[in-house]
Each structure stands twice: as structure tokens, then as C-alpha cells.
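Student: Once you've had a glance at the structure underneath, I'll fire off some questions.
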Amino acid sequence: MFNRLQKLAEDLKETKIDGKLGIGGKGRMTTQIMISFKQYYRQAIVRNKTNLNEMVRSVWAIWKHKASSNKEPHHEWCSSEYCGYLRSLEKDEEYDHNQHRLPLGVMKAIRPVYATGIVIDLCAAMAVLCYNDGSQAIIPFITDITGGGGGYYTRVAMRRLDESCVYAEHKKKTKQTKETFDLLHVDRMSLDIIDDDILDDSYVSGAY
């Protein structure tokens with residue numbers, strides 16, 4: 001997140017935004033605020049690493065929190081653990097957004113980069129989820145973001161992906177077991193170890 005914001009600031013330094021050039025400067029996107037965004041962003045990912053839906057909400061809550069104003073507060077996804085506005089509501093106190101908000105033009109300017117970063121991290125999170133719990137584990141997440149039921153063919157496809165992974169792993173382990181057995185057998189034969197006396201001839205043709 002920090003590197004993406006830095007690059008955006010460099011790209012927009014000659015672009016006029018809210019009456020000033022670029023997104024940086026006092027009361028705007030300073031280096032310290034970029035670092036804060038990076039830290040908050042990381043916390044949102046780490047705290048919700050097993051819940052993709054909450055991860056999305058927590059990540060966007062940061063953007064909405066910084067874009068809020070006294071006239072238009074947007075803290076519906078915030079948590080009272082860190083949101084001063086929600087804590088003020090609980091205490092029935094006044095809250096001034098001007099102490100932390102960034103100009104709306106600046107927030108709109110960083111939104112595409114912010115959204116792209118979220119997509120990248122969500123893809124990584126989904127990959128980890130699939131690796132740990134199988135492809136079918138992402139169906140609830142797909143249902144949440146699409147508002148549908150995941151779809152019949154989606155469920156079938158995810159199940160078949162899981163089955164193919166299980167089958168591939170089974171074949172791999174079977175091959176490894178056979179190779180280990182063959183190697184052990186060759187080693188014993190090379191040492192002239194013939195265990196005829198302990199062979200079970202129960203299934204030898206003509207034994208009975």
C-alpha cells in the first residue's frame with residue numbers, strides 16, 4: 001500500500017486536485033499518513049485473515065473513515081475499537097472530523113490504487129484459502145460478493161477441482177510408496193537376502 005501511494009503521489013504531482021498540485025502537502029497525503037494507511041491496511045488483513053467478507057469491510061472502512069466529514073460521516077463499517085466518531089456517539093459527545101479527514105478530492109484520487117491493492121490482496125487471500133481448505137471454501141465468499149447462491153456450476157466446478165487435487169495427491173503418494181518399496185526390494189536382493197522361509201504362500205497358485 002505504501003509503495004502504491006508513493007507512486008501515485010509522484011504521478012499526480014503536476015495534477016491539480018482540490019485547488020493544489022498533487023495529493024501531497026500539509027493536510028493532505030503526507031508520508032506519515034501513507035505509513036498510517038499501510039499499518040491500518042495490514043491490521044485489517046491480519047485481523048480478518050479467516051473471514052474474507054470482514055476483511056473487505058475493514059479495509060474499506062479505513063478509506064471511508066478518512067473521507068468522512070462532519071456533514072457526511074461514513075463510519076458504518078468502522079469499529080469503536082479505533083473509531084473516535086463511534087466512541088463519541090457512545091459518550092454522546094461532539095466529534096470534529098477535520099482533525100483527521102483528508103480532502104475528498106485526494107481520497108477520490110487514491111481510490112483506484114486502493115481498490116487495486118485490495119483486489120490483489122484478496123486474490124492472495126483466496127489462494128491461501130483454497131490451498132488450506134480446498135476450492136469449495138471460497139464459495140461462501142463468492143456468494144457474499146455477488147449476492148447470489150454461488151451457482152450450481154460454480155459448486156460443481158469447485159468440487160471437481162478439489163477431487164482432482166485429492167486424486168493427484170493420491171497418485172503422487174502411491175508412486176512414491178512404490179518407488180520406495182522397489183528400492184528396498186532391490187537393496188535386499190543385492191545383499192542376497194531371500195526371505196523364502198517367511199513368505200506367506202497363502203495366495204500362491206496351486207497352494208490349495
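The values are calculated or read from the model by the stated rules, or taken from the named source; none is laboratory data. Computed from a predicted structure; not experimentally measured. Cβ coordinates were reconstructed from backbone atoms using ideal geometry, including for glycine residues, and neighbour counts include every protein chain displayed.
Student: Any residue that is modelled with pLDDT of 80 or more and either in the same structural domain as K16 (by TED's automatic domain parsing) or under 24 Å from Y40 (Cα atoms) (or both) - is there at least one of those in the range 112-132?
Tutor: Within the range 112-132, one or more residues are modelled with pLDDT of 80 or more and either in the same structural domain as K16 (by TED's automatic domain parsing) or under 24 Å from Y40 (Cα atoms) (or both).
Student: Let me ask something additional. Considering every residue within the range 87-109, establish whether at least one is assigned to a helix (DSSP H, G or I), among the basic types (K, R), within 27 Å of C130 (Cβ to Cβ) and under 29 Å from the mean Cα position of the chain (by Cα).
Tutor: Checked against the condition, which is being assigned to a helix (DSSP H, G or I), among the basic types (K, R), within 27 Å of C130 (Cβ to Cβ) and under 29 Å from the mean Cα position of the chain (by Cα), the range 87-109 yields no hits at all.
Condition check ((1) of a type in the set (S, T, Y); (2) under 24 Å from I17 (Cβ atoms); (3) touching a residue at least 60 places away in the same chain (Cβ under 8 Å); (4) not assigned by TED's automatic domain parsing to the domain that holds I17) across all residues:
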| residue | (1), (2), (3), (4) |
| --- | --- |
| G27 | no, yes, yes, no |
| R42 | no, no, no, no |
| V46 | no, no, no, no |
| S58 | yes, no, no, no |
| A61 | no, yes, no, no |
| K71 | no, yes, no, no |
| G84 | no, no, no, no |
| E90 | no, no, no, no |
| M107 | no, yes, no, no |
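Student: Now for a different question. Take G151 and tell me if it is modelled with pLDDT under 80, loosely packed, with under 11 Cβ neighbours inside 10 Å and either in the same structural domain as E54 (by TED's automatic domain parsing) or under 23 Å from A127 (Cα atoms) (or both).
Tutor: Here the answer is no, as G151 does not meet what is asked.
Student: Which of the numbered conditions does H74 fail, given that it passes all the others? Conditions: (1) part of a helix (DSSP H, G or I); (2) over 22 Å from D133 (Cα atoms); (3) of a type outside the set (D, E, K, R).
Tutor: Among (1) part of a helix (DSSP H, G or I); (2) over 22 Å from D133 (Cα atoms); (3) of a type outside the set (D, E, K, R), the lone unmet condition for H74 is (1).
Student: Where residues in the range 40-69 are of a type in the set (S, T, N, Q) and surrounded by fewer than 18 Cβ atoms within 10 Å (Cβ to Cβ), which of them is modelled with the highest pLDDT?
Tutor: Looking at residues that are of a type in the set (S, T, N, Q) and surrounded by fewer than 18 Cβ atoms within 10 Å (Cβ to Cβ), I get S69.
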